[in-house]
Each structure stands twice: as structure tokens, then as C-alpha cells.
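Below is one structure, written out as C-alpha cells; the observations come after it.
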Amino acid sequence: MEITSIPLSRAAAGVLRVFADLGDLIFPRSCAGCGAWDTVLCGECTRELCGQWQDVAARTPYLQYIRPADCAVRGLLWPGDPVPLFAVWSLGEYTGTRRRVIISWKNAINRDLTRAIGAMIRHCTLRLAQMMADHFPAIDVVPAPSRPRRKRDGLFVAGHMAAAVVSGLRDAGIDACVCDVLDAGQQRGDGLLTGRRQKTRGIGIGSGGLRGVPVLLVDDVVTTGATLAGCWEALRYMPVDSGCDQAYAALAGGQSGPERVPAQGMAVDVIGAIVLAAASDPRGRGEGDSVLRAPRAAYTGGVA
């Protein structure tokens, strides 16, 4: 008989509780959001994180698709107008409690905090998934790539988020699975718009594959949309393990605004992205000139 299968006696359970209490005394726990003792994430901060889903794709300059001159006029959109490649659903702004929790989660190995945030993401994803279930019976969830070292250290935040998102989708009856198929590459950015773009040009295809169903990207924070654009570009012509369903392959972007983006020969249908928070529009921090001076293809996801 394995040791793990032997039920603990009351005395042994009591000893474990004593050691757990001693551990809390030596390494006290505190809320990642407000600093309250004896909890990794208090109820009030959890409720603060559970915001309302909002599509923030219009705020991301690198995810804008510039409508070609020969496109049909529809509604208020004209040739040359920017249209988001796909929706980016965010739970709130990257400020205050949300920002403190995300920073703590990204920079310290804390399995209890990972479980607490994962449960919150699963609950919130269920709300979003109920609107998707009728349109997308199956979804591949692809996390934004991270360095191998962060994965080994348990700091793969996007991967933890993807697992929680899959649980929420499955709760809504959607056939979902995590597909960690992207590789971070070796490029590093400097935080500015041009640096962010340089960093995400290194995103490529790693191991594994997709099932030929719609793809949902996952990342912790969206600022300019450069990382998500890099993920989108890497997936554009990625072959799938099984034949891509024509009903899905005929579309290239998710519903965001008054229309879907026309297909550009893509094999993978990215229907949207889920993020924990959206940072302030970089054009409001004096960086707007660098966006305007950038080549058009540099902030349209490479769509010609």
C-alpha cells in the first residue's frame, strides 16, 4: 500500500496543522492587494478583481487593421479607417489593487495566490463563455509565450490564466484545451512602442499543435497590443493537426465592433483575447508620435 493512500489519524492531522501554523508565523501570509494578514487574496480584493468584461481592442494601436482602399463601405467605416483585428476582453484597468495583485503574482512564486486568482478567472470566464457557447462549440486557448526559466520557476502567468480560462469554458459546455504552441524567442524590448514591437517580432511557433478550431489568446496585461499582435502573426499560417473546419477557416478575426476582419489566407481563426487588465493608452503618455511615425504594417498586425 502506498503511503499517500493511508488515511491520516487525528493526531497526525493535528501535527500537520501545528506545522502549518508555525509556517505562517515564520513566513506570514498577506493579501497581494491590500496587505491584510493571514490570506493571500482577501475577499474585498477578489471582488475588486472580478470586474466587468470590456472590449478594449480599440485602445491597442498594434492590433488595428487598416481597411484597404477597395473595401466596401459599411456603416460609418470607410477605407483607411482602423478596425481591431479581434476583440480583447479585459476585466478592468491596470491600476490600484489590480495592478498590485498582478505585479505580486508575476514576481513571486506563490501557489496559493495562483489558485486564488485561477478560481476568480474561472468564475469570470464562465460569464463570458455563456455568450460564446452557441457560436463556438470548441476553442483552443493559447497563452502568450514566456521565457523557459519563468515556466520552470512556476511564473508562467499566462499559462496559469489559460488553464483557468479552459476550466471556465468547460463549465459552459465548450470543448476547450490549453495549447502552449508559441515560443518567446530571444528579442527583448525597452518598454517603448518601438521596443515592444521589436520584442514581439521574435514570437514564433514552438512545440505542440492546434486542433483546427477557433483560438482564444490569453495574456495578463495589454498595453499597446504588440504581444497579442506578435502571437496573431505567428499563428496566421500555422498548420493544424487536423483539417481546419471550413466554417472556422473562412474567418480571420473575432467579433469586435460592427464587422469582422476579412480573411487574409489564415489557417487559424483568432476570435479574441482575454486579459486581466488593460493599461492606459500609451498615446496618452506622450508616445503617440512614435505610433504615428511607425510604418503602417508595423501596427496593423502585418496585414498588407
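Going by accessible surface with a 1.4 Å probe and the largest first, Arg152, Arg211 read Arg152, Arg211. Distant-in-sequence amide contacts of Met238, defined by a placed amide H-H separation under 5 Å and a gap of 5 or more residues or a different chain, comprise Ala267, Val268. Distances between placed amide hydrogens fall under 5 Å for Ile205 paired with Asp183, all partners being 5 or more residues away or on another chain. A probe of 1.4 angstrom, applied to the heavy atoms of all protein chains, finds Trp53 with accessible area near 50 square angstrom. Surface composition of the stretch 81-192: carbon and sulfur atoms hold 48% of the protein heavy-atom accessible area at a 1.4 Å probe.
The values are calculated or read from the model by the stated rules, or taken from the named source; none is laboratory data. The shown structure was predicted, so the numbers you read here are calculated from the model rather than taken from an experiment. Surface accessibility is based on the protein's heavy atoms, side chains included, excluding ligands, DNA and RNA. Shrake-Rupley method; radii C 1.70, N 1.55, O 1.52, S 1.80 Å.
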